[in-house]
Structure formats: C-alpha cells, structure tokens
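Values quoted throughout were computed directly from the atomic coordinates according to the rules given, and no laboratory measurement underlies them. Only a predicted model underlies this, so the values are computations on that prediction, with no experimental measurement involved. In this analysis, Cβ positions are derived from the backbone assuming ideal geometry, glycine residues included, and neighbour counts consider all displayed protein chains.
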Amino acid sequence: MSKIGIAFSGGPNPAEIVDLAVLAESLGYESAWVAEGHGGDQFATLSGCAMRTSTIQLGTAITSIYVRSIPTIAMAAASVDDLSEGRFILGIGSSHKVQVEPEHGVPYSKPLTKTRESVEIIRNLLRDGAVQYDGESVKIENFDLWFTPRRADLPIYVAAVFPKMTALCGEVADGIILTRSTLKTGAWVKEKIAEGAKQAGRDPTQVAITSLLPTSIADTRAEALDAMRPGLAFYAGFFPRYNKLIAEHGFADEAAAIAEAWARDDRKAAIGLVTDAMVDATGVAGTPEECRARIEEYRESGIDLPIISPFARGPGAKATFEAAIRACAPR
C-alpha cells in the first residue's frame, strides 16, 4: 500500500481534527500532521488524536522554534510520543519573520543557526534527561526532565524551502518537510540532502522526503482549481519566502503581481492573478481520480510521503477535509 499523510492547518476545530484522524487511520493513512498558526494548540490536538487512534503516526507540521522555548518543545514532543506509544514525529521549522515578530512579539533572527541548535538541544534533552547549552541563538543554564521519555531518539523532521536549510536537513534531520512542491522538487532536494549528509558522514537515504501538498477535490477540475486560488494568493502575497519559492517555480511575474496586489490590500485582485498553471504546478486539484493520479506522480518524482493538505474555513470545513481524506485514501 502506498504511503500517504493528511495535514490539518486550521478550519476544523480540535475535536473535529481528532475525528478526522480516526477516519484517516481507518482508511489506511500512514500519518496525520497538525500545524499551528491560528488553528489551535497542535500538541493538545495531537494528544487527543493519540488517545483515539492506535496505528497512525502523528506529527507536527510544523511547530515554530521561535514561539515556544526549545525545552518546552522537547517536553511537548515527549508527552505526545508517550501518549501515542511511540507514534510521534516532531516536525519543526523556522516559520516566518512576518508571523513571529508581529503576532508573537518575539525577535526573529538566524533561522539556520536556531534550527541547528534546536535539533541538538532537543536530542540531548531527550537522551540525557538534562541539558545545558551555550549557543549563538539559544542559551540554557540548566533544564532537566522530571520524567523518562518513551523514546530518546524520536524522529525530528525539519521544514525547508531553499538550499541551505535543505542541506541542513541532510546534516541533522530524520526527514524534511517541504511545501508547495512541483514534480521537479524531489530530485533537487535529494541532491541538496546528499550534500549535507556527506558533510556529516550520514546516509542521505535515511532522510525521509515529505511534502505538504495543497489539495482540492471537486466534481470538476475547474471547481477544484478555483478553490485553491485564495490559499495560493495568501502564500505568495503574505509570505516573502513563499513568494520567492513560487517565483523560482517559474512564475516570477505572477508572484510579483500578487505581492503588489496584496501589499495594497486588494485580496480580490491577488486571487484573480493566480493562474491555473500555478495551482497545477504546486498542488493537487481536480476530481478524485485526477487527484489520486497526481499524488502518484509526486511519489514517482521522489517524494517519499505525499501529505495532502486541504484548505477550508467555516462551518463546512470538516466535511471538506473528510471528502479529501476519502477521495485520496490509499487503494
């Protein structure tokens, strides 16, 4: 059976996400991932998932290394891992300056250094039960755990978009979490991971390549494409990093126009600037049959674990996610 994951990034409430994770497990999904942002506490939600499931892996995609202290992240990860009896994957990332500073009031700097040091601190704390650390971005005089983690070596995946962070995954991570990948991304990522792994004396094939794939299921391809435009406009308009990513995927003019429209607060114009080609290149949209075929193309392109990521807000969000989970379930 081909592996597939499901990601939740807001829309359904926490109790609904737990219900949907139970459904995904029953249909053969390999893993369920919960983001945070504005969608509720991910570790609390995943704890609920842990108590009502028994086989599906559970992960964060992602938890920001800026908005919680690193020992707090380690404790939360160990807690969900214990409740799930060893089914947890900690996905961390540097998030975005445009979110971290204005939304959380926390300084944002040195994301590569902070990521590297965060992975080291978490591993040390889970292994040794205590940590002291004098780094460039993190300094911990002393922190000790008052319980024994179920696993000292729970897997840590790192979110990456560009070459330096991707190579860092090869050096220190058990997996990489990509987003809005194209069919060319997998091969490129493998090269960069191999470069980083070589520097650290690691086997690059031991680094799992996963990607969050924006997903829209509809009766017609046109409906599915239209449903994806607002999300892509938000990513390209609000996040400078993702605007650059979309540009590098071959849509430089479109990305620049969307950013300009977003900057003048013209959301309607930004959405209208998202072309069919942009949606098609960076996600999964169409009828159930078309979406399953597209997911298989991502697997063949080098993505070890495609993770569908539907987008929905409002009272019908749970139904939208349920439809996508059922349509894309492994056959």
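Before moving on, here are some points about what is shown:
- Summarising the amide proton neighbourhood of Ala208: residues at separation of 5 or more, or on other chains, whose placed amide H is nearer than 5 Å comprise Gly175, Ile176.
- Candidates Val138, Val67, Val207, ranked by Gaussian network fluctuation over the chain, Cα under 10 Å, top entry: Val138
- Set of lysines near Lys192 by C-alpha distance (under 19 Å), chain-local residues within fewer than 8 positions excluded: Lys164, Lys184, Lys244
- Kirkwood-type hydrodynamic radius, the stretch 68-118: 12.4 Å, calculated from all non-identical alpha-carbon pairs.
- Label positions at Ala319 and Asp203, each projected 7 Å from the Cα along the C-beta direction, are separated by 4.9 nm.
- Directionally averaged shadow of the chain, computed from the convex hull of its alpha-carbon atoms, nm²: 15.9
- Note on Glu141, Glu85: ascending count of other Cβ atoms within 10 Å places them as Glu141, Glu85, the fewest first.
- What the phi angles of the stretch 186-200 give under the Karplus curve with 6.51, -1.76 and 1.60, with θ = phi - 60°, is a coupling list of x, 5, 5, 5, 4, 5, 5, 5, 4, 4, x, 5, 4, 4, 9 Hz, glycine and proline written as x.
- Of every Cα-Cα pair in the stretch 172-331, the percent that sits beyond 19 Å: 57
- Cα-based shape type of the stretch 219-283, given that a ≥ b ≥ c are square roots of the gyration tensor eigenvalues and the cut on a/c is 1.5: oblate
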